[in-house]
Amino acid sequence: MDTTQIADAPPPTAEQKRAARGATRPGDRIFLGLSRGSGILLLVIMAAIAGFLTYRAVLAISKDDGNFLTTFEWNTGVNPPVFGIAVLAYGTIVSSIIAMVIAVPVSVAIALFLTHYAPRRLRGPIAYVIDLLAAVPSIVYGLWGALVLVPYMSGLFGWLDDYLGWTGIFSWQGGAARSMLTVGILLAIMILPIVTNVSREVFRQVPQMHEEAALALGATRWEVIRMAVIPFGRSGVISASMLGLGRALGETMAVATVLSPDFLIHTSLLDPGGGTFAQNIASKFSEASEFGRDALIASGLVLFVITLLVNGAARAIIARRKEYSGANA
């Protein structure tokens, strides 16, 4: 067939387009409907969750005698009730930041080691152990943290107090190490497998030609990683970090088992006390009154909003770095 005839063929008419759509196989139409319905169902579920949380939160906040955002107290059993999320928001954000600062560099280093440095006989066992860490239940982490991690943190706390206590952030007055730093370290261990596994898969997708080109130009292995691997996988690492951050923000049982809660904001990360949204909900929900549960749901709404903001920020960062994504490589 002459290619010029194909090139000069007129565009299809509306009737031809309708006929082509009508000729679509039934399986395609069913799959399209299921896919579209799944997306709509997800939006409906999210809207239902947001509506439920907002409705119950409004009922509680309207009767709050304190400032919901700044009150350092949680007492829903008195008349009038007084409660606020200042301590919970501070504890949730601080413990998650500590976890991210510890876990992300270690996770990225492990992922790079497994993909570019580790011998073949070590890659499998190390990856298997990391996968096992991801499968450990939260309560097991909490028990390990309370019975093993907390007693052994005293030495680290003493060292930090001796050398960095002058900052105020690492001052320690003694006592059990049930503090925000301990919680942050435990959360870092819990999110490490998530960030590591996703980062490892991202680094595996780096085009081999990019690495070979850098090596051909005389780059060392570290220079190859710095110039070819990390830029390519940066958006993937950000996504992995946000997944880990979501786990840290919403972790419940491990934090409730390790932390010694109170409703004070401590300037030192080593002082026992503090609280998080999830820990406060888990510890108070079973014995709360109907109004008390509404108040806890109001704090859950704040956590819900924080999670949405974190994910939105992550997507914005990734969208600004599209040139580093695998789709555009």
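The values are calculated or read from the model by the stated rules, or taken from the named source; none is laboratory data. Not measured: the values here are computed from a predicted model. For neighbour counting, all protein chains shown are included, and Cβ atoms are generated from backbone atoms with ideal geometry for every residue, glycine included. Quick note on the areas: whole protein, heavy atoms, side chains included, nothing else; ligands and nucleic acids left out. Shrake-Rupley method; radii C 1.70, N 1.55, O 1.52, S 1.80 Å.
Overview of results
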{"read-out": "Lone unmet requirement of (1) touching a His at 6+ places or on another chain (Cβ under 7 Å); (2) farther than 27 Å from V108 by Cα for Q279", "value": "(1)"}
{"read-out": "Selection count where residues are among the polar types (S, T, N, Q) and either exposed (fewer than 11 other Cβ atoms within 10 Å of the Cβ) or assigned to a helix (DSSP H, G or I) (or both), scope the stretch 43-72", "value": "3"}
{"read-out": "Qualifying residue in the stretch 170-179 (condition: assigned to a helix (DSSP H, G or I) and open to solvent by 50 Å² or more (accessible area, probe 1.4 Å))", "value": "no"}
{"read-out": "Boolean, I40 is open to solvent by less than 80 Å² (accessible area, probe 1.4 Å) and either in a loop (DSSP other than H, G, I, E, B) or modelled with pLDDT of 90 or more (or both)", "value": "no"}
{"read-out": "Residues located in the stretch 118-137, provided they are in a helix (DSSP H, G or I) and surrounded by 12 or more Cβ atoms within 10 Å (Cβ to Cβ)", "value": "L122, R123, I126, A127, I130, D131, L133, A134"}
{"read-out": "Of all residues making up the stretch 216-225, the number that are open to solvent by 100 Å² or more (accessible area, probe 1.4 Å) and either touching a helix residue (DSSP H, G or I) at 6+ places or on another chain (Cβ under 8 Å) or more than 19 Å from F113 (Cβ to Cβ) (or both)", "value": "2"}
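Table: residues versus (1) in contact with a helix residue (DSSP H, G or I) (Cβ under 6 Å, 6 or more places away or on another chain); (2) among the small types (G, A, S); (3) under 25 Å from I98 (Cα atoms); (4) surrounded by fewer than 16 Cβ atoms within 10 Å (Cβ to Cβ).
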| site | (1), (2), (3), (4) |
| --- | --- |
| V198 | yes, no, yes, no |
| E211 | yes, no, no, no |
| R234 | yes, no, yes, no |
| G244 | yes, yes, yes, no |
| A256 | yes, yes, yes, no |
| H266 | no, no, yes, no |
